[in-house]
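The values are calculated or read from the model by the stated rules, or taken from the named source; none is laboratory data. Just so we're clear, the structure is a prediction, and the values are computed from it rather than from any experiment. Heads up, the Cβs are rebuilt from the backbone with ideal geometry, glycines too, and the neighbour counts pull from every protein chain shown. Note: areas computed on protein heavy atoms with side chains; ligands, DNA, RNA excluded. Shrake-Rupley method; radii C 1.70, N 1.55, O 1.52, S 1.80 Å.
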Amino acid sequence: MARIGRLSTKGSVLLLCDIQEKFRPNIFQFTNIVSNAARLLQACRILSIPQILTEQYPKGLGPTVPELGAEGLKPHTKTSFSMLTESVESALKSLGDPQQVILCGIEAQACIACTTYDLLERGMEVHIVADAVSSRSQTDRLFALSRLKQSGAFLSTTEGVLLQLVQDAKHPNFKEIQKLLAHPSPDTGLLAFFSSL
């Protein structure tokens, strides 16, 4: 049967990649990317989807930004571009090896790409939240998303992921999720991606 990429709250995990202080002045659409990632994190908490947070060389790049709202999540520190470090692998194992990954963060052509390739090679389904992923350059961001789509990752938006996860207005948590969707996601410059397809 073809993989259609339907998300489910069972067997999913949210990976938050390197949303750190030193990236703030340099990442394209940083504020809006963080805002969307924060909504994903809140939704996953409401829906009891586990979350894993990494920080790339925090001594140099600083801590996770406070507006993400990730207090209570212990960051996995790393120097590799892939999030799949020993400690993250161990965390995934302790979660029962989820098969669907919702991925957001920084930077698309580096840590998001390397993480996606590692996950896909393990046979996992990767859902990249395009409006919660960015790079220093919009060109790198858009080409990375295009390349990752070619490799088999599913691209979605914050709102698309949230609605897929509840799937029905009768879902017991729908009203809480609906509050997160009260304001449309900010434009993060993705129209350029689709005009290039």
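Looking only at segment 77-89, count every residue that is outside any loop (DSSP other than H, G, I, E, B) and either buried (at least 18 other Cβ atoms within 10 Å of the Cβ) or of a type in the set (V, I, T) (or both) and tell me the total. Final tally of qualifying residues: 3. The set of residues from segment 37-76 being over 20 Å from V129 (Cβ atoms) and part of a loop (DSSP other than H, G, I, E, B) comprises Y57, G62, P63, E71, G72, K74. If we keep just the residues of segment 9-50 that are among the β-branched types (V, I, T) and over 14 Å from the mean Cα position of the chain (by Cα), which is most open to solvent (accessible area, probe 1.4 Å)? Only one residue fits best here, namely T31. Here's a check for you: in segment 53-93, which residue that is without any contact (Cβ under 8 Å) to a residue 24 or more places away in the chain and among the small types (G, A, S) is nearest to L165 (Cα to Cα)? By that ranking, first place goes to G72.
Yes/no per residue for (1) buried (at least 24 other Cβ atoms within 10 Å of the Cβ); (2) farther than 13 Å from M83 by Cβ:
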site: I102; (1), (2): yes, no
site: G105; (1), (2): yes, no
site: C114; (1), (2): no, no
site: E125; (1), (2): no, yes
site: R136; (1), (2): no, yes
site: T139; (1), (2): no, yes
site: F143; (1), (2): no, yes
site: L155; (1), (2): no, yes
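Beta carbons closer than 8 Å, at least 6 apart along the sequence or on distinct chains, never pair a first residue in segment 1-22 that is more than 21 Å from R39 (Cβ to Cβ) with a second that is among the basic types (K, R) and assigned to a strand (DSSP E or B). Is it true that some residue in segment 51-63 is within 24 Å of T139 (Cα to Cα) and crowded, with 16+ Cβ neighbours inside 10 Å? Looking for residues that are within 24 Å of T139 (Cα to Cα) and crowded, with 16+ Cβ neighbours inside 10 Å, one finds at least one in segment 51-63, hence yes. Scanning segment 161-188 for residues being in contact (Cβ under 8 Å) with a residue 24 or more places away in the chain, open to solvent by less than 70 Å² (accessible area, probe 1.4 Å) and not in a loop (DSSP other than H, G, I, E, B) gives a total of 7. Considering only residues of segment 64-73 that are modelled with pLDDT of 95 or more and open to solvent by 40 Å² or more (accessible area, probe 1.4 Å), which is farthest from N32 (Cα to Cα)? Looking at the filtered set, the residue picked out is P66. Within segment 36-52, residues that are polar (S, T, N, Q) reach partners that are at pLDDT 95 or above and part of a helix (DSSP H, G or I) with beta carbons closer than 7 Å, at six or more positions or on different chains, in the pairs N36/T158; Q51/L41; Q51/C44.
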